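Report on the following structure.
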């Protein structure tokens with residue numbers, strides 16, 4: 001049976017198919033739909049407040065009694081000056097004015113939000129926690145382990161996968177260059193590593209003893225089964241689920257993905273200060289000349305946040321972060337549960353066809 | 001039987017495994033070894049003179065009676081001024097002086113070499129011809145078709161694959177971002193498309209009626225079988241064969257690959273004027289400041305040629321084009337025939353393990 005792997009056994013799910021935690025684009029309905037179909041749904045809580053996380057977990061639990069994951073961004077502390085912030089606000093002012101908004105002032109978030117989110121996850125009875133942008137400190141890991149939590153890390157190179165394993169992660173997502181949204185890189189020398197899924201998965205699987213989850217460019221049953229063949233124990237799909245009805249991505253975002261081609265995406269840091277893959281648009285092109293002025297994460301994210309929210313509302317794809325992987329020609333709309341069932345039957349067909 | 005595909009039937013080979021035509025690094029011994037094991041060997045004749053091609057074909061035919069391919073670079077005409085050439089020679093002079101060489105003057109090669117190579121291929125009885133950097137003009141294609149030749153194109157985007165099919169190619173290599181050596185892109189909008197193998201193969205396979213050959217990051221039986229699952233009818237491996245005994249790559253090149261990691265390669269145009277993937281070294285880093293001065297292909301290739309030849313002789317990996325894909329951790333030394341047999345048995349194991 002193709003759907004029994006180390007990952008499905010540990011996570012107690014039926015199929016080795018994971019809905020990627022797309023921060024800002026997941027909903028309880030999406031996560032529960034995937035969970036109810038036998039996959040792993042993930043709440044993308046990267047930007048959540050404690051209140052929002054508590055509500056999302058409760059709402060998800062009301063819709064499914066199956067396991068699901070919560071994904072957090074490991075906090076990162078960068079320095080920025082008021083002058084830099086003011087300069088970026090000036091660069092952005094034509095867009096903000098055109099949309100009639102005043103951007104929020106970025107705030108350094110050296111607060112205890114991350115630890116509060118951790119506590120909420122433990123208290124809520126969620127049993128799977130995944131991380132992006134690095135590895136939490138040892139005390140946090142021990143606390144989660146003591147609560148019986150299964151931990152999933154993220155890596156974009158073999159070295160990052162090894163460090164995840166050494167830090168006590170139970171499994172690790174290896175994210176290839178094709179993946180949409182933020183690159184999960186956290187080591188300095190991984191930031192421009194850009195390793196594709198086809199090359200990354202087998203090399204990572206050879207290097208670590210924990211199960212590996214493939215991500216990046218996987219959009220259908222062929223990609224899922226190819227991932228397993230390459231040595232992964234599950235496949236994680238983001239863009240494929242982003243265009244479903246239950247996804248919180250704005251309609252304009254979904255529609256642009258559904259109409260795009262594989263060569264339309266680029267890696268850019270102009271929206272958040274961290275590199276992420278999205279469909280090329282006017283804002284990305286306009287910002288090319290300001291490469292040196294982009295604020296470090298999370299400041300750039302904060303200062304462009306209102307602009308993007310307003311762009312989403314007004315259907316302005318030219319100013320929106322159109323996160324997307326390279327597999328866009330294979331994107332489809334419809335309900336998440338329906339997509340999930342199609343994925344499963346596609347894998348069955350692939351296996352039948354290859355025998 | 002996993003090894004029967006459209007590609008194996010058309011090419012009359014036993015296994016859907018192709019040794020990539022690595023211009024300058026193939027030998028009759030390498031091509032024949034792969035052919036004799038039941039794969040498709042390819043003579044990388046991209047930079048060949050007519051005399052060299054005739055000799056290589058004869059030598060290969062003396063070593064095998066199995067089919068093999070000859071790969072040609074489709075000529076491309078760029079303009080360059082004497083001033084630009086002199087400026088690049090000045091930039092390169094410290095390296096040339098250190099190695100005690102005088103670089104060749106680049107010459108515009110608007111001659112009939114390409115057509116002479118085509119004639120030699122036809123006369124020699126070779127039955128498979130593959131192309132990189134575009135599609136030959138219609139008259140050339142008709143001539144090859146009239147001679148009963150099977151034609152293989154190369155694409156880095158879906159659009160390029162479609163154009164190959166429309167132009168009469170019998171099959172098309174779709175080259176993912178992970179691939180070592182030159183990117184085969186020929187459409188302007190494909191030059192920075194950078195689509196990974198996992199995303200490119202299924203999308204291309206859906207778009208064309210001719211068989212698709214996957215390339216990029218494929219190094220072992222897992223990668224070969226995953227390629228077939230993704231929708232390809234064969235897998236093409238370059239770096240995997242580059243480190244074999246029969247490859248003409250300098251020992252220093254092979255040794256560096258064997259000791260490298262997946263994140264060590266970059267795309268660079270500093271050696272040839274066209275983007276190619278190789279291991280990062282001092283020359284690439286030194287040239288970063290001269291980005292605007294790099295001559296267009298083939299001029300940059302010609303002006304750095306002697307430097308690279310001398311670097312190879314003196315074991316100077318800092319000045320050599322260390323072409324390599326991203327799968328380097330999976331590279332191995334030994335004989336090509338042995339590697340080929342290992343690849344076949346690895347696919348067998350993958351299939352046995354997945355049932």
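The values are calculated or read from the model by the stated rules, or taken from the named source; none is laboratory data. The model shown is predicted, which means the values in this text are computed figures rather than measured ones. Because the Cβ atoms are built from the backbone with ideal geometry, glycine has one as well, and the counts that use them run over all protein chains shown.
The table for this structure:
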{"read-out": "Residue in the stretch A:300-311 that is closer than 26 Å to residue A:176 by Cα and within 14 Å of chain B (Cβ to nearest Cβ) present", "value": "no"}
{"read-out": "Unique residue being more than 14 Å from chain A (Cβ to nearest Cβ), under 18 Å from the mean Cα position of the chain (by Cα) and either surrounded by fewer than 21 Cβ atoms within 10 Å (Cβ to Cβ) or modelled with pLDDT of 95 or more (or both) when the list is B:173, B:126", "value": "B:173"}
{"read-out": "Residue A:278, sole failed condition from (1) farther than 14 Å from residue A:254 by Cα; (2) in contact with a strand residue (DSSP E or B) (Cβ under 7 Å, 6 or more places away or on another chain)", "value": "(1)"}
{"read-out": "Residue list for the stretch B:95-122, restricted to those being in a helix (DSSP H, G or I) and over 28 Å from residue B:55 (Cα atoms)", "value": "B:95, B:96, B:97, B:98, B:99"}
{"read-out": "Enumeration of residues in the stretch A:195-207 that are surrounded by 22 or more Cβ atoms within 10 Å (Cβ to Cβ), more than 7 Å from chain B (Cβ to nearest Cβ) and in contact (Cβ under 8 Å) with a residue 40 or more places away in the chain", "value": "A:204"}
{"read-out": "Any hit, the stretch A:299-314, residues being touching a strand residue (DSSP E or B) at 6+ places or on another chain (Cβ under 9 Å) and buried (at least 21 other Cβ atoms within 10 Å of the Cβ)", "value": "no"}
{"read-out": "Restricting the stretch A:150-168 to residues that are more than 14 Å from every other protein chain (Cβ to nearest Cβ) and crowded, with 24+ Cβ neighbours inside 10 Å, the residue that is nearest to residue A:217 (Cα to Cα)", "value": "A:154"}
{"read-out": "Filter result for residue A:278 (assigned to a loop (DSSP other than H, G, I, E, B) and either within 23 Å of residue B:203 (Cα to Cα) or touching a helix residue (DSSP H, G or I) at 6+ places or on another chain (Cβ under 7 Å) (or both))", "value": "no"}
{"read-out": "Search result, residues across the stretch A:260-270 that are in a loop (DSSP other than H, G, I, E, B) and within 14 Å of chain B (Cβ to nearest Cβ)", "value": "A:260, A:261, A:262, A:263, A:264"}
{"read-out": "Every pair of residues 6+ apart whose Cβ atoms lie under 6 Å, when the first sits in the stretch A:68-79 and is within 16 Å of residue A:236 (Cα to Cα) while the second is surrounded by fewer than 18 Cβ atoms within 10 Å (Cβ to Cβ)", "value": "none"}
{"read-out": "Filter result (in a loop (DSSP other than H, G, I, E, B) and modelled with pLDDT under 95) within the stretch B:66-87", "value": "B:75, B:76, B:77, B:78, B:79, B:80, B:81"}
{"read-out": "Residue that is farthest from residue A:326 (Cα to Cα), among those in the stretch B:156-176 that are in a helix (DSSP H, G or I) and in contact with a strand residue (DSSP E or B) (Cβ under 6 Å, 6 or more places away or on another chain)", "value": "B:164"}
{"read-out": "Extreme residue, surrounded by the fewest Cβ atoms within 10 Å (Cβ to Cβ), among residues of the stretch B:209-221 that are within 12 Å of chain A (Cβ to nearest Cβ) and out of contact with any strand residue (DSSP E or B) (no Cβ under 8 Å at 6 or more places or on another chain)", "value": "B:221"}
{"read-out": "Selection from the stretch A:243-273 of residues that are closer than 24 Å to residue A:193 by Cβ and out of contact with any helix residue (DSSP H, G or I) (no Cβ under 6 Å at 6 or more places or on another chain)", "value": "A:263, A:264, A:265, A:266, A:267, A:269"}
{"read-out": "Selection within the stretch B:314-337 - outside any loop (DSSP other than H, G, I, E, B) and either free of Cβ contacts under 8 Å to residues at least 24 places away in the same chain or within 19 Å of the chain's Cα centre (by Cα) (or both)", "value": "B:323, B:328, B:330, B:336"}
{"read-out": "Single residue of B:248, B:235 found to be crowded, with 21+ Cβ neighbours inside 10 Å, outside any helix (DSSP H, G or I), under 20 Å from the mean Cα position of the chain (by Cα) and modelled with pLDDT of 95 or more", "value": "B:235"}
{"read-out": "Residues located in the stretch B:177-194, provided they are more than 17 Å from the chain's Cα centre (by Cα) and either at the interface with chain A (Cβ under 7 Å from one of its Cβ atoms) or assigned to a helix (DSSP H, G or I) (or both)", "value": "B:188, B:189, B:190, B:193"}
{"read-out": "Residue within the stretch A:177-188 that is farther than 21 Å from residue A:326 by Cα, at pLDDT 95 or above and surrounded by fewer than 24 Cβ atoms within 10 Å (Cβ to Cβ) present", "value": "yes"}
{"read-out": "Members of the stretch A:34-60 that are surrounded by 21 or more Cβ atoms within 10 Å (Cβ to Cβ), out of contact with any strand residue (DSSP E or B) (no Cβ under 6 Å at 6 or more places or on another chain) and not in a helix (DSSP H, G or I)", "value": "A:37, A:48"}
{"read-out": "Selection status of residue A:91, touching a helix residue (DSSP H, G or I) at 6+ places or on another chain (Cβ under 6 Å) and either surrounded by fewer than 12 Cβ atoms within 10 Å (Cβ to Cβ) or not in a helix (DSSP H, G or I) (or both)", "value": "no"}
{"read-out": "Number of the exception - residue A:219 against (1) part of a loop (DSSP other than H, G, I, E, B); (2) under 24 Å from residue A:188 (Cβ atoms); (3) touching a residue at least 40 places away in the same chain (Cβ under 8 Å)", "value": "(2)"}
{"read-out": "Test for residue A:224: is it facing another protein chain (nearest Cβ under 9 Å), under 18 Å from the mean Cα position of the chain (by Cα) and over 14 Å from residue A:132 (Cα atoms)", "value": "no"}
{"read-out": "Extreme residue, nearest to residue B:95 (Cα to Cα), among residues of the stretch B:315-334 that are in contact with a helix residue (DSSP H, G or I) (Cβ under 7 Å, 6 or more places away or on another chain) and more than 14 Å from every other protein chain (Cβ to nearest Cβ)", "value": "B:319"}
{"read-out": "The stretch B:269-283, residues that are surrounded by fewer than 20 Cβ atoms within 10 Å (Cβ to Cβ) and over 20 Å from the mean Cα position of the chain (by Cα)", "value": "B:282"}
{"read-out": "Qualifying residue in the stretch A:291-310 (condition: over 21 Å from residue A:87 (Cβ atoms) and within 19 Å of the chain's Cα centre (by Cα))", "value": "yes"}
{"read-out": "Check on residue B:240, under 21 Å from residue B:156 (Cβ atoms) and assigned to a helix (DSSP H, G or I)", "value": "yes"}
{"read-out": "Complete set of residues in the stretch A:340-355 that are in contact with a strand residue (DSSP E or B) (Cβ under 9 Å, 6 or more places away or on another chain) and either away from chain B (no Cβ under 14 Å) or at pLDDT below 95 (or both)", "value": "A:340, A:344"}
